[in-house]
Amino acid sequence: MSKKLHVVTLATKSYINLINDYFFTTLPKEVENMKLLYLNDMDDVRYSSATKFLEKRKLEMLCEEIRANLGNNIFFIDGDVVFARGATFQEEINELLEEYDLAFQFNDQWYNFGVFALSCNEGTLEYFEHMLNVEMEKAFVNDDIHDQHIMNALLGVYVEGTHDLVEKTFDNLKHTSLPIKYFANHFREHKYPIGVPEDVVFMHATNTYSMAEKLSLMLDFKFRYYDSKR
C-alpha cells in the first residue's frame, strides 16, 4: 500500500490574503490531502518575541501532524509559495522519502525550514520533539539564534558558529536537499529570477525584507510561470 502525501502550510493573519491569492490559486489539482494550520498574529508584542512564539507553535503543530500521520508523508510548504502551472510533485516526493527521512529546500549554505518533506516515523517525531522541548529554549534567550540554526545543527549542518549549539545530533536520520526545481529565492545563488529551472515546481519567496518585496516576487512568478502558461 503506497503512502499518502499530506501537504501542510502555516498561515498567520497577515498571510491569509497572500495564501488565498497565490498558494491556493496555483496549487496543483493532484493535491488531495491539504491542511492549513492557522496562527493568529501577536500584534501587541515585540516582533522578535512574536516570531519566536510562532516558531515554537509551528513545531508544536508539526509534531501533532506527524503523530496523526505516522506511516505516511508530509510536505510542509510555507505560505509564501507560488506553483507553476502544470506542476506535479506527489510521486517524486513520495519516492524521495522511500530513501530519506527528511528532504529540505536548500538555501546557499544550509537547509531552509520553510519547505521540507518528511516521512512520519518515530525518528522524525523524536527529532522535532527534541527540537521543541529541549533546544528551542535557546532561541528565546539568545536573539542571534533561531529555529533554522537549531534544525540544521541537529542534523550536523553547521553555519555561523553553531557547532556547539545543540545537545545531540540525529545521525540516524537520512536527510537530503530537494531538487533545485523546488525553487527558493536565495540570498546569493539562485536569486530570483536568475537560475529558475525550466521544470520549476514552485517558487518560495523567502529572503525578502518587506511584504511589498515578497508580493512583487510572487506576482512576477505567477505571471511568468502560471498565468502565461494557459
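The values are calculated or read from the model by the stated rules, or taken from the named source; none is laboratory data. Since the model is a prediction, treat every value here as computed from it, not as a measurement. Don't worry about glycine lacking a Cβ; one is built from the backbone with ideal geometry, like all the others, and counts go over all protein chains shown. Just so you know, the surface numbers come from the protein's heavy atoms only, side chains and all, with ligands and any DNA or RNA stripped out. Shrake-Rupley method; radii C 1.70, N 1.55, O 1.52, S 1.80 Å.
Things to note:
- In percent, rounded to a whole number, the relative contact order of segment 85-230 is 25, using alpha-carbon pairs under 8 Å and six or more apart.
- Rounded if a/c under 1.5, otherwise prolate or oblate - segment 127-230, Cα gyration tensor axes: prolate
- Cα→Cβ-extended label distance, 7 Å offset, between Tyr100 and Thr208, nm: 2.5
- Per DSSP, loop chymotrypsin sites (Phe, Trp or Tyr not before Pro) in segment 152-207 with at most 12 further Cβ within 10 Å: Phe187
- Global form of segment 75-150, assessed from the alpha-carbon gyration tensor, a/c cut-off 1.5: oblate
- Leading residue at positive end of dipole, segment 1-121 (Cβ point charges), from Ile77, Asn20, Leu97: Asn20
- Each of Arg224, Arg57 has its accessible area taken with a 1.4 Å probe; listed largest first, they run Arg224, Arg57.
- Cross-link pairs beyond the 29 Å C-alpha cut-off, checked among Lys3/Lys229; Lys56/Lys214; Lys56/Lys229; Lys13/Lys174; Lys58/Lys168: Lys3/Lys229; Lys56/Lys229; Lys13/Lys174
- Under 5 Å between amide hydrogens, built in the peptide plane, is the criterion, and for Phe106 it picks out Asn112, Leu178 among residues at least 5 positions away or on other chains.
- Those aspartates and glutamates that a straight Cα-Cα span of less than 18 Å connects to Lys4, excepting residues fewer than 8 apart in one chain: Glu30, Glu32, Glu64, Glu65, Glu91, Glu92, Glu95, Glu98, Glu99, Asp101, Glu122
- Simple spin-label estimate for Glu198 and Ser2 in nanometres, 7 Å along Cα-Cβ: 2.7
- DSSP bridge orientation in the chain - percent antiparallel, rounded to nearest 5: 45
- Here is how the number arises for the chain: DSSP H runs of 4 or more residues each give -39500 (n - 2.57), the sum is divided by the residue count, and the result at 222 nm is -9000 deg cm²/dmol.
- Arg230, Arg188, Arg85, reordered so the largest accessible area comes first (probe 1.4 Å): Arg230, Arg188, Arg85
- The P(r) of the chain has a tail past 33 Å containing 12 percent of all C-alpha pairs.
- Rotationally averaged projected area of segment 187-230 (alpha carbon convex hull; nm²): 3.2
- Using the Cβ-Cβ distance between Met34 and Val134 with R0 = 41 Å, the FRET efficiency computed as 1/(1 + (r/R0)^6) comes to roughly 0.85.
- Spatial extent of segment 62-112: Rg and Dmax, with the Cα atoms as the point set, Å: 12.6, 33
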